[in-house]
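This report concerns only the one structure given below.
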Amino acid sequence: MSQNQKPSNFVDENRLWQNQMLLAQIGATPKGGVNRQALSSEEIEARKLLLSWSERLRLITFVDQIGNLFFRLNGTASQMAPVMTGSHIDSQPTGGKFDGSYGVIAGFEALEAIIASGVTVKRPIEVAVWLNEEGSRFAPGMMGSEAYVGVRELGDMLGIVDTEGVSVAAALPAALAASPNASFREFKTPVFAFVENHIEQGPVLEAEKLSIGVVTGIQGVRRMRVRVSGEEAHAGTTPPEARRDALQWAAAVVTRLYEEITGDPDTKFTVGMMKIEPNVPSVLASDVVFSVDIRHPNSTYLEELASKTENICEGMSDICEIKAWRIASSDTIAFDDNVINEIECASKALGVSHKKMLSAAGHDARQLSYFCPTGMIFVPCEKGISHNEAENATACDLGVGAKVLADVLVSLANSG
């Protein structure tokens, strides 16, 4: 491949930015973010936009049982396992324009650049759109990538319901119907390698004035729920000694957990969701359920923190019954050395400033790493803000990430 033929030379950051903003209009919020939750009408509309791009580029489209989409540019050896990139298009209820969606749009931009360059590739190259990475509507997230690689069974996901009582099984048909011309793909269809582009969702690259994060792995996480069961009673007539106030005890548990779990600066402990019943002003709460999210790079220590959380909850069950349980557990993983090297080499060849770094957040790339050689490319985001309508990035930084991606995809597609 000649220097002039490198796909990175054909990446158009303006086109990428325009596509990013076009997708951001779907589910746009008044504060400049997006609300495009999994299997919602907004997410289905976004799927249709991507399908129109695929048709324009004459890509081959596939869909699987959980609704993952795959857009393929064939190589000269179309029977070979593809090199894959991509991310997700669902968001948090008050999400940003770039989380997940950048990885999909960068993938399309890379394919467009590869086509324009005229370079020959042996293996097919695909853009994947994984279902429900966020888990904001149907918890936990990562459904699409986990189903594809076999980490979880499809049957375990279909019965999960949202806050309105709508199940995945009930919401899925409308999403599948949005891609009537897509060919069906079986789960576990082989993938040669997977590379995911993403905004960093942290402040490191911006603070150090670096363009690319060469991601070496993803730190571990334990996601839990805690239920505090008390008893409804009148707020004005029930004396203190007779109260079994679930919210009072939930607050005490949360306070103690924050005091005892967060001593290590590498520990990220969060209580981000709380549901209160009956949730009326003049009645003591009878039931409180809250979330616990614990993350740490050391998997052994992370497990100790999760066990400690369970023990603290059990030990405080004297007035109210308190139970803790886990809904998802993942240890720290390392990405593939060869894919890491490809990203680093492409960055050096483009003269792009970069550093190796661990991802502090979870991504679909974690699930793919159990299945095929995997890596990630980070680009800076403003002040590290993410999962927030104020999330922002520059067209230049997004373009640089797409350039690195395009060259990496071609290099991988012509290897092995």
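The values are calculated or read from the model by the stated rules, or taken from the named source; none is laboratory data. This is a predicted model, so every value here is computed, not measured. Cβ: placed from backbone, ideal geometry, glycine included. Neighbour counts: every protein chain shown. Note: areas computed on protein heavy atoms with side chains; ligands, DNA, RNA excluded. Shrake-Rupley method; radii C 1.70, N 1.55, O 1.52, S 1.80 Å.
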Tell me, yes or no, whether segment 129-137 has at least one residue that is part of a helix (DSSP H, G or I), within 23 Å of residue 15 (Cβ to Cβ) and at pLDDT 95 or above. no
So if I check each of 317, 291, which one is at pLDDT 95 or above, open to solvent by less than 70 Å² (accessible area, probe 1.4 Å) and part of a loop (DSSP other than H, G, I, E, B)? 317
Residue list for segment 154-191, restricted to those being open to solvent by less than 50 Å² (accessible area, probe 1.4 Å) and acidic (Asp, Glu): 162
Odd one out for residue 385, checked against (1) farther than 30 Å from residue 75 by Cα; (2) among the hydrophobic types (A, V, I, L, M, F, W, C); (3) open to solvent by less than 50 Å² (accessible area, probe 1.4 Å): (3)
Looking at the structure I just gave you, is residue 15 outside any loop (DSSP other than H, G, I, E, B), basic (Lys, Arg) and either touching a helix residue (DSSP H, G or I) at 6+ places or on another chain (Cβ under 6 Å) or open to solvent by less than 70 Å² (accessible area, probe 1.4 Å) (or both)? yes
When segment 320-334 is checked residue by residue, the ones that are open to solvent by 40 Å² or more (accessible area, probe 1.4 Å) and either in a strand (DSSP E or B) or more than 21 Å from residue 217 (Cα to Cα) (or both) are 321, 323, 325, 326, 327, 329, 334
Can you pull out every residue in segment 343-379 that is closer than 14 Å to residue 194 by Cα, out of contact with any strand residue (DSSP E or B) (no Cβ under 7 Å at 6 or more places or on another chain) and either open to solvent by 20 Å² or more (accessible area, probe 1.4 Å) or outside any helix (DSSP H, G or I) (or both)? 370, 371
Matching residues in segment 36-60 - criterion: being assigned to a helix (DSSP H, G or I), open to solvent by less than 60 Å² (accessible area, probe 1.4 Å) and among the hydroxyl-bearing types (Ser, Thr, Tyr): 52, 54
Quick check: anything in segment 255-267 touching a Phe, Trp or Tyr at 6+ places or on another chain (Cβ under 7 Å), more than 30 Å from residue 397 (Cβ to Cβ) and of a type in the set (Phe, Trp, Tyr)? yes
Does any residue in segment 25-41 that is without any contact (Cβ under 8 Å) to a residue 12 or more places away in the chain come within less than 7 Å, Cβ to Cβ, of a residue that is not in a helix (DSSP H, G or I) six or more places away or on a different chain, and which pairs are these? 28/34
For segment 108-118, enumerate the residues that are over 26 Å from the mean Cα position of the chain (by Cα) and open to solvent by 20 Å² or more (accessible area, probe 1.4 Å). 115, 116, 118
Which listed residue is surrounded by 20 or more Cβ atoms within 10 Å (Cβ to Cβ) and farther than 28 Å from residue 406 by Cα, from 27, 32: 27
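For every residue, the table says whether it meets (1) open to solvent by 10 Å² or more (accessible area, probe 1.4 Å); (2) touching an Asp or Glu at 6+ places or on another chain (Cβ under 7 Å).
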position	(1), (2)
83	no, no
87	no, yes
99	yes, yes
102	no, no
106	no, no
124	no, no
128	no, no
140	yes, no
152	yes, yes
Take residue 361 and decide whether it is among the small types (Gly, Ala, Ser) and modelled with pLDDT under 95. yes
